[in-house]
Amino acid sequence: MRRALIETITRSEKRKDVLMILQDGPVDMPVILKTLNESRPALLPQMKILEEGQLVIKEKDAYMLSKFGKLIVKDLKPLLGTLDILEGKLDYWTKHNTDCIPQELFNRLRELESSELIEPELCEAVELSRKAISMCLESKMIDAITSLYHSEYPSLFMKYAENGTDFRCIFTKEVLSRFVSDNEEHLQKLMEYPNVNFYIYPDELHFSALMITPDFMLLRLLTISEVYDPRYIMAYKQSAINWGKEFFQCFADRSALLEEL
């Protein structure tokens, strides 16, 4: 019985799709066919299997989840969400240090829905994300964390400041030291802007960067051996942006505002 039920759900993408379509209530067969872009003869055998498994109930030409179907779909949705996040990106997630992600947020990795794994060309491996920068320059809010210093930071941060962007950035003491040695006068000027705030995280960060705006979330992890990797995850859904905000806040709570050099 247990094996048959598992096979009923997992052996067919069509059956899984039908279950997800029915999660909000009864749906007429023509609507199901249109949503799945399937013909009635092709889908009817799958519907019969779901009925025999007592997961769906048919009433006239409409289908609905049974009491047990609702129970299963309730747990199936987060599982499929997690699988969707890992699909095509499993190599990245398993070969990078994810211990930096708070356990509660790691358990909700599915919230990074529709995320993309961006793989820069070799010639751009040490560059900042042009796409992210372009979007940031049009944003009125940016929260960022970085464990690395880049020579573009002074001029880029000044653009945020002059744009009136509400910019908060967390970095380590090592990054602060490099920033000061590279361009202390520039950093001092940035700190005079009321819309710019820098914070110092007291420990190692164990990841490269996090960036959140109202339009996207960017996460760049270090490898398991904590080596820099130019690849990064980028997501645009509100659930991912909210996830990123929580990630940022976890580190903001442990960071101190940089008030003077």
Where a residue in segment 84-102 is without any contact (Cβ under 8 Å) to a residue 60 or more places away in the chain and its partner, wherever it lies, is open to solvent by 40 Å² or more (accessible area, probe 1.4 Å) and not small (Gly, Ala, Ser), with Cβ under 6 Å and at least six apart = ILE85/ARG110
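Anything in segment 138-158 that is in a strand (DSSP E or B) and among the hydrophobic types (A, V, I, L, M, F, W, C)? List them, or say none.
Step one: of segment 138-158, the residues in a strand (DSSP E or B) are 141-146.
Correct list: MET141, ILE142, ALA144, ILE145.
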GLU111, sole failed condition from (1) at pLDDT 90 or above; (2) more than 25 Å from PRO214 (Cα to Cα) | (2)
Within segment 44-66, is even one residue in contact with an Asp or Glu (Cβ under 7 Å, 6 or more places away or on another chain) and open to solvent by 70 Å² or more (accessible area, probe 1.4 Å)?
-> yes
So, first residue closer than 17 Å to ARG15 by Cβ and free of Cβ contacts under 8 Å to residues at least 24 places away in the same chain in segment 59-74, second residue open to solvent by less than 40 Å² (accessible area, probe 1.4 Å) and assigned to a loop (DSSP other than H, G, I, E, B), Cβ within less than 8 Å, six or more apart or across chains; the pairs are SER66/LEU55; PHE68/LEU55
The residue from SER147, SER177, SER139 that alone is surrounded by fewer than 17 Cβ atoms within 10 Å (Cβ to Cβ) and among the small types (Gly, Ala, Ser) is SER177
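Residues being of a type in the set (Val, Ile, Thr), at pLDDT 90 or above and either touching an Asp or Glu at 6+ places or on another chain (Cβ under 9 Å) or not in a helix (DSSP H, G or I) (or both): count how many of those fall in segment 3-38. Please lay out each step first, then the result.
Kept after step one, since they are of a type in the set (Val, Ile, Thr), are these residues of segment 3-38: 6, 8-10, 18, 21, 27, 31-32, 35.
The next check asks that each one be at pLDDT 90 or above; those that pass are 18, 21, 27, 31-32, 35.
Within this subset, residues satisfying the condition of being either touching an Asp or Glu at 6+ places or on another chain (Cβ under 9 Å) or not in a helix (DSSP H, G or I) (or both) are 27, 32, 35.
Matching residues across segment 3-38 total 3.
Out of segment 7-39, which residues are within 18 Å of MET64 (Cβ to Cβ) and open to solvent by 80 Å² or more (accessible area, probe 1.4 Å)? It would help to see each step written out before you state the result.
Looking only at segment 7-39, we keep the residues that are within 18 Å of MET64 (Cβ to Cβ), and these are 8-9, 14-36.
ASP24, PRO26, ASP28, LYS34, THR35, listed by residue number.
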Examine segment 236-259 for a residue that is surrounded by fewer than 13 Cβ atoms within 10 Å (Cβ to Cβ) and in a strand (DSSP E or B), and state whether such a residue exists.
-> yes
Residue ID - farthest from THR165 (Cα to Cα), chosen from residues in segment 192-225 that are in contact (Cβ under 8 Å) with a residue 60 or more places away in the chain and surrounded by fewer than 16 Cβ atoms within 10 Å (Cβ to Cβ) | ILE224
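The values are calculated or read from the model by the stated rules, or taken from the named source; none is laboratory data. Here the structure is a predicted model, which is why all the values come from computation and not from measurement. Note that each Cβ is placed from the backbone with ideal geometry, even for glycine, and that neighbours are counted across all protein chains shown. Each accessible area value is taken on the protein alone, full model and side chains, heavy atoms only, with ligands, DNA and RNA left out. Shrake-Rupley method; radii C 1.70, N 1.55, O 1.52, S 1.80 Å.
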